[in-house]
1. Given the structure, is residue 146 open to solvent by 10 Å² or more (accessible area, probe 1.4 Å), under 16 Å from residue 8 (Cα atoms), out of contact with any Pro (no Cβ under 8 Å at 6 or more places or on another chain) and touching a residue at least 12 places away in the same chain (Cβ under 8 Å)?
2. Could you check segment 81-138 and list, in sequence order, the residues that are among the charged types (D, E, K, R) and touching a His at 6+ places or on another chain (Cβ under 6 Å)?
3. Residue 165 is checked against (1) surrounded by fewer than 17 Cβ atoms within 10 Å (Cβ to Cβ); (2) touching a strand residue (DSSP E or B) at 6+ places or on another chain (Cβ under 9 Å); (3) in contact (Cβ under 8 Å) with a residue 24 or more places away in the chain; (4) closer than 21 Å to residue 42 by Cα and fails just one. What number does that condition carry?
4. Given the condition within 16 Å of ligand 2 (Cβ to nearest atom), open to solvent by 10 Å² or more (accessible area, probe 1.4 Å) and under 28 Å from residue 164 (Cβ atoms), answer yes or no: does some residue in segment 44-52 qualify?
5. So, in segment 119-133, of the ones that are open to solvent by 50 Å² or more (accessible area, probe 1.4 Å) and in a helix (DSSP H, G or I), which residue ends up farthest from residue 104 (Cα to Cα)?
6. Those residues that are within 16 Å of ligand 1 (Cβ to nearest atom) and touching a residue at least 40 places away in the same chain (Cβ under 8 Å), I need them from segment 93-123; list them, please.
7. Look through 40, 22, 67 and report the one residue that is open to solvent by 80 Å² or more (accessible area, probe 1.4 Å) and closer than 21 Å to residue 5 by Cα.
8. Filter segment 100-116 for residues that are assigned to a loop (DSSP other than H, G, I, E, B), surrounded by 15 or more Cβ atoms within 10 Å (Cβ to Cβ) and within 11 Å of ligand 2 (Cβ to nearest atom) and give the result.
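The values are calculated or read from the model by the stated rules, or taken from the named source; none is laboratory data. If you're wondering where the values come from, they're calculated on a predicted model, not measured in any experiment. Don't worry about glycine lacking a Cβ; one is built from the backbone with ideal geometry, like all the others, and counts go over all protein chains shown. These accessible areas exclude ligands, DNA and RNA; they are computed on the full protein's heavy atoms, side chains included. Shrake-Rupley method; radii C 1.70, N 1.55, O 1.52, S 1.80 Å.
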Amino acid sequence: MRKALFLDRDGVINIEKDYLYKIEDFEFIDGIFELCRHYKELEYLIFVVTNQSGIARGFYTEEDFDKLSNWMCKEFLKHDIKIEKVYHCPHHPDFSAQCSCRKPKPGMLLNAKGEFDLDMNNSIIVGDKERDIEAGLNAGLSETYLYDELRSVKSSKATNIVNKLEDIYSANIK
Ligand SMILES: [Mg+2]
Ligand SMILES: [Zn+2]
């Protein structure tokens, strides 16, 4: 069984902008490539798990999302990092049917577990919202990181709250 690094996208890989879907609006967050390289060297498989309710809301299409994902994965490859698979939830309960994939539900992580035979208990998630952490916990992860750049979070179920992605891979955890 392989271990996994699950990454939320908006607010972890790229700077959060509402309903982002254009390549020109996508800005990588400092430390994301180094974080991935660190876990790659430890033989983790890397996955993206992202809520994309902008699709249910009609702000952009599946095709727009795929185009951006393909570009993003190629940028990672330029840094010698393979994103194993990008999972997304296109739903929102107000705009589409209920689903089992929208975080905090664990559906995307459990799909990855099934497809890649992952060791969930030794896998990791990094998110910028509590629902990312909850999705990880709901999927059986024991190591969860909340990236809180603005130091605005008072409490979290996460194993650690970090203000820089670097703090995760440099083990600079309080
Ligand atoms: Mg996010
Ligand atoms: Zn969904």
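1. Values: open to solvent by 10 Å² or more (accessible area, probe 1.4 Å): no; under 16 Å from residue 8 (Cα atoms): yes; out of contact with any Pro (no Cβ under 8 Å at 6 or more places or on another chain): yes; touching a residue at least 12 places away in the same chain (Cβ under 8 Å): yes.
No; evaluated as a whole, the condition is false for this residue.
2. The first filter runs over segment 81-138 and keeps only residues among the charged types (D, E, K, R), leaving 82, 84-85, 94, 102-103, 105, 113, 115, 117, 119, 128-132, 134.
If the condition is that a residue be among the charged types (D, E, K, R) and touching a His at 6+ places or on another chain (Cβ under 6 Å), then 102 is the only one that fits.
3. Among (1) surrounded by fewer than 17 Cβ atoms within 10 Å (Cβ to Cβ); (2) touching a strand residue (DSSP E or B) at 6+ places or on another chain (Cβ under 9 Å); (3) in contact (Cβ under 8 Å) with a residue 24 or more places away in the chain; (4) closer than 21 Å to residue 42 by Cα, the lone unmet condition for residue 165 is (1).
4. Going residue by residue through segment 44-52, those that are within 16 Å of ligand 2 (Cβ to nearest atom) are 47-52.
Subset that is open to solvent by 10 Å² or more (accessible area, probe 1.4 Å): 51.
Then keep just the ones that are under 28 Å from residue 164 (Cβ atoms); that gives 51.
The answer is yes; a qualifying residue exists.
5. To start, the set of residues in segment 119-133 that are open to solvent by 50 Å² or more (accessible area, probe 1.4 Å) comprises 121-122, 129-131.
Still in the running and in a helix (DSSP H, G or I): 121-122, 130-131.
Working: 121: 17, 122: 19, 130: 8, 131: 4 Å.
Only one residue tops the list, namely 122.
6. 102, 103, 108, 109
7. On the way: 22 fails: closer than 21 Å to residue 5 by Cα; 67 fails: closer than 21 Å to residue 5 by Cα.
Exactly one residue qualifies, and that residue is 40.
8. Initially, segment 100-116 is screened for residues assigned to a loop (DSSP other than H, G, I, E, B), giving 100-106.
From what is left, the residues that are surrounded by 15 or more Cβ atoms within 10 Å (Cβ to Cβ) are 101-106.
Across segment 100-116, the qualifying residues are 101, 102, 103, 105.
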